[in-house]
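Just so you know, all these numbers are worked out from the coordinates, no wet-lab data involved. Predicted model only: the values in this text are computed from it and were never measured. FYI the Cβ positions are ideal-geometry reconstructions off the backbone, even for glycines, and counts take in every protein chain you see.
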Amino acid sequence: MDKITIEKPDNSHSRRKIPPHLGALFRYLIAGGCLFWVFYDIHPGRLLETLTVKNWLWIIPAIVLQLFSFVFQGFRWKFLLYPLGKLSWLRTTQAVYAGQFANGIFPMRMGELLRVYMVSGWLKVDFVAAIPSISIEFLFDLIWLAIAIGIAAFLIPLPSVLVNAVIVLVIFVIVATGFFAFVVFWERKASHGHHDAGGFIEKLWGRINRISHRLLDGLQLIGFSGRFFGALFISLLILIAQTAAFWLVMVALDIHLSFWEGAVVYLIVHLGTMLPNAPSNVGTYQFFTVLGLSLFGIDKTAAAGFSLLVFVLLTAPILLAGFFSIHQTGLTQKKIREDILTLLGRW
């Protein structure tokens, strides 16, 4: 694979180092608290008994579906990036897998920045221009998540707490979709000039103004793109593939739930882990898995064992594919960090 090269400007930018200790401590406290709740009243011997795959034949299609869901995401991202330039689905998929690897070893989903960095180098566009495509991906995921949980609510009885959460989610999706539609059809005056004269406040406001206009421009380009609805449909395929993979692991571990019940559990996990937290969402993933299974009467020990196995079985292949993808680019953590700071510094 070709190396990613970013042209650096001659001028240097001052960098302020903010100690991340408090933020990191808070994130890991949440992860630790979730794991404590999952395992605090479980007998170790009984837990070990649950860590057994009853039928490995179901694991193979589960892993294949999980891997292919990120191939679908590569196709979707190719469509959303089309206004910025043509990029093959192999490139976008490579960036998606690399981002997943970074998400697995760094907190706060830093892999999203990594994959934006990669495609901005390949497309030879600025870093900020590629960010709107990520936000549209997130919106698409929320739309299908709300629809899927809504359908499930008609098929099986759901707890009132979950129903209320779905109502809040639907309201948020409606507001976010309305905002996106407003931005797409909003006729704005261009404001991309560099006006860094004046004091600190004026310079800061000028930078915020430039970045916001670039982001809004990106949203408008995507909204008017002919591939917009294709990307929306692919988002449904991603959700179906990941839900099926999750349920197949249930079958392999002899968790007796119907597909729709398994889908509800996965949707709860998916919703609960959308907010960035610890690497690979360790802790919150197990917490929401056990919480979802408990809604259908699954014993907490069995649920805890399943939360560990499904996490490893569906995460490890993605991390391996991501490691291979990022290795092909020749990138290093130091180079990525320096180039992202350089690109952001231009704005």
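Using 1/(1 + (r/R0)^6) with R0 = 56 angstrom and r between the beta carbons of W260 and V125, what's the FRET efficiency to the nearest 0.05? Could the numbers behind the result be given before it?
Details: r = 42 Å, r/R0 = 0.76.
Using R0 = 56 Å, I get an efficiency of 0.85.
Within 15 Å, Cβ to Cβ, of L319, how many net charges do the neighbouring residues add up to if Lys/Arg are +1 and Asp/Glu are -1?
Result for the neighbourhood of L319: +2.
Given a Förster distance of 22 Å, report the FRET efficiency between I167 and L236 from their Cβ-Cβ distance, rounded to the nearest 0.05. Can you show the working numbers first?
Working: r = 22 Å, r/R0 = 0.99.
Using R0 = 22 Å, I get an efficiency of 0.50.
Among A102, L320, P132, which residue has its Cα positioned farthest towards the positive end of the charge dipole of the stretch 57-345, with +1 placed on the Cβ of Lys and Arg, -1 on the Cβ of Asp and Glu, and the dipole taken about the Cα centre?
Result: P132, furthest along the dipole toward the positive end.
Note the angle between two axes, namely the Cα long axis of helix 160-184 and the longest principal axis of the Cα atoms of the chain, as a number of degrees from 0 to 90, rounded to the nearest 10.
Roughly 20 degrees, rounded to the nearest 10.
Assign one of three labels to the stretch 60-103, namely rounded, prolate or oblate, based on the Cα gyration tensor with a ≥ b ≥ c the square roots of its eigenvalues; rounded applies when a/c is under 1.5, prolate when it is not and a/b is larger than b/c, and oblate otherwise.
Since a/c reaches 1.5 and a/b is larger than b/c, the shape of the stretch 60-103 is classed as prolate.
Over the Cα atoms of the stretch 42-85, compute the convex hull volume and normalise it per residue, giving Å³.
Working: hull volume 4.0 nm³, N = 44.
Given the Cα convex hull of the stretch 42-85, per-residue volume reads 92 Å³.
Any chance you could list the semi-axes, whole Å, largest first, of the equivalent ellipsoid that the Cα gyration tensor gives for the stretch 57-345, using √(5λ)? Present the calculation step by step, with values, prior to reporting the outcome.
Details: eigenvalues 248, 101, 61 Å².
Output for the stretch 57-345: semi-axes of 35, 23, 17 Å.
So how far apart, in nm, are the two label points at I208 and V64 if each is 7 Å from Cα heading toward Cβ?
According to this spin-label approximation, the distance is 5.2 nm.
Would you mind counting up the charge near K78? Only other residues with Cβ under 9 Å from its Cβ, with Lys and Arg at +1 and Asp and Glu at -1.
Numbers: positive: R76, K86, R91, R227; negative: none.
Charge balance near K78 sits at +4.
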